Amino acid sequence: MKIVVDDKIPYIRETICQLADEVVFLSGAAITAADVKEADVLVVRTRTHCNQQLLEGSKVQLVVTATIGYDHIDTHWLDKAGICWTNCPGCNSGSVAQYVECSLLLLEQQKKLPLSQSTIGIVGCGHVGSKVKAVAERLGMHVLVCDPPLQKANSQQLTANSYVSLDEIERRCDVITFHVPLTREGQYATWHLADKDFFRRLSRVPYIINTSRGEVVDNQALLKALEEGRVRDAVIDVWENEPHPDAALLEKVFIGTPHIAGYSADGKVNADNMVVDAICQQFGLPHPEPIVPPTLPSDIHFTGSPLDLYNPMDDSRKLKAEPSFFEQLRNNYPLRREKKD
């Protein structure tokens, strides 16, 4: 069996090499049809567009993306072609929740946002949003949740106050954070969910956080809302036109990072193990020992604050200093843990 793997997926090499006769590691953005023609399995991140152009005529039986999102996979074509595919739902939800928690603490410290007296609107309450909800409640915030698909799916189990509309989020929230998949069609499409009309409808002057997909927020509309004072400030990890974020927006936001909210070692290892499990299940292989994240250096000083383990401002400073290093910063991300060993 031959497996082609994105070479920026960390911690997986030794284990995945136990599963196949040949494992080839390539830059995800540079994987071509010729590279996968004789492969049985393709393991990717978001930078590889898995579609007919890449996969038609190949031997690929399984595509696995080591990410929560899968908008880079043409699932309709893969299903028609009989190619199995899977993502890693929830793998980095704890990491994104850590990013949001630390960003909220920085907003409190540096922007004087009184968390215990503030209302946060969570748009999307799946794997990530539910953990962000728990974080916000732990910080003493009042939480409103908007998730129409989830509300519809769970309509029989809900109390009347379980969910609110996006209109209510716009009216009542001091912080609005997005945790939705990117979808372009259908009743609950999320492409440009936060568009110029969304920002015009805001009753308060909130902080905006986006760690979902860049296209969920119209970046030019957000920039204008910041310039006009409709939005107080923003924390943005995902951007339209990645890896080339809008320079003016990057400079304007409080925290701007290169799509790394989910990049803790813990989240990456979760994804690695889900990738390995998917391959083993597909081909009836015995499961190797689980991959574990590396330990933190022993000289790290802990005061008890979540910011001891991770401060997103560090990543923001690096990106703002050299925006053209967006992809390098992602691909060479340093060790980050969600908890002490």
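The values are calculated or read from the model by the stated rules, or taken from the named source; none is laboratory data. The structure presented is a predicted model; accordingly, all values stated were derived computationally and were not measured. Note that we place each Cβ from the backbone using ideal geometry, even for glycine, and neighbour counts take in every protein chain shown. Accessible surface areas use protein heavy atoms only, side chains included; no ligands, DNA or RNA. Shrake-Rupley method; radii C 1.70, N 1.55, O 1.52, S 1.80 Å.
Counting only lysines at least 8 places from Lys8 when in the same chain, those with an alpha carbon closer than 19 Å to its own are Lys268. Could you give the nm distance between label points at Gln282 and Asn154, where each point is 7 Å from its Cα heading toward the beta carbon? Output for this residue pair reads 3.1 nm.
From the square roots a ≥ b ≥ c of the eigenvalues of the alpha-carbon gyration tensor of segment 239-330, which class results: rounded (a/c under 1.5), prolate (a/b over b/c), or oblate?
It comes out oblate by the Cα gyration axes.
For the chain, the Cys residues with no second cysteine's beta carbon closer than 4.7 Å are Cys17, Cys50, Cys84, Cys102, Cys125, Cys146, Cys173, Cys280.
Could you work out the relative contact order of segment 56-168, using alpha carbon pairs under 8 angstrom and six or more residues apart, expressed as a whole percent?
After rounding, I find 19 percent.
For a Förster distance of 25 Å, can you work out the FRET efficiency between the beta-carbons of Gln220 and Lys112, rounded to the nearest 0.05? Display every interim value, and only then the final one.
On the way: r = 28 Å, r/R0 = 1.13.
Efficiency computed from Cβ-Cβ geometry: 0.30.
For a straight C-alpha distance cut-off of 17 angstrom, the lysines reachable from Lys252 (same-chain residues fewer than eight places away being disregarded) are Lys111, Lys224, Lys318, Lys320.
Rounded to the nearest 500 deg cm²/dmol, what is the calculated helix-only ellipticity per residue at 222 nm for the chain, with -39500 (n - 2.57) per DSSP H run of length n ≥ 4? All intermediate terms of the calculation are to be shown ahead of the outcome.
On the way: 14 runs with 119 residues, N = 341.
Mean residue ellipticity at 222 nm (helix-derived): -9500 deg cm²/dmol.
Full extension of the chain between Asp21 and Asp299 gives 96.0 nm of extra length, using 0.36 nm per residue less the Cα-Cα distance.
Distant-in-sequence amide contacts of Arg336, defined by a placed amide H-H separation under 5 Å and a gap of 5 or more residues or a different chain, comprise Ala265.
Taken per residue, the accessible surface of segment 168-216 reaches 45 Å², heavy atoms only and a 1.4 Å probe. Here the relative contact order of segment 42-92, from alpha carbon pairs under 8 Å that lie six or more residues apart, stands at 42 percent.
I'd like the chymotrypsin sites (Phe, Trp or Tyr not before Pro) in segment 180-217 restricted to DSSP loop residues with at most 16 other Cβ atoms within 10 Å, sorted by number. In loop regions of segment 180-217 (DSSP not H, G, I, E or B), the sparsely surrounded chymotrypsin sites (Phe, Trp or Tyr not before Pro) are Tyr188, Trp191.
When the trypsin sites (Lys or Arg not before Pro) in segment 244-341 are filtered for DSSP coil states and for at most 15 other beta-carbon atoms within 10 Å of their beta-carbon, the remaining sites are Lys339, Lys340. Full extension of the chain between Glu185 and Cys84 gives 34.1 nm of extra length, using 0.36 nm per residue less the Cα-Cα distance.
The relative contact order of segment 81-147, computed from alpha carbon pairs under 8 Å that lie at least 6 residues apart in sequence, is 35 percent.
Per the 1.4 Å probe, what fraction of the accessible area of the chain, in percent, lies on carbon and sulfur atoms?
Values: 7490 of 15740 Å².
Carbon and sulfur: 48 percent of the exposed surface of the chain.
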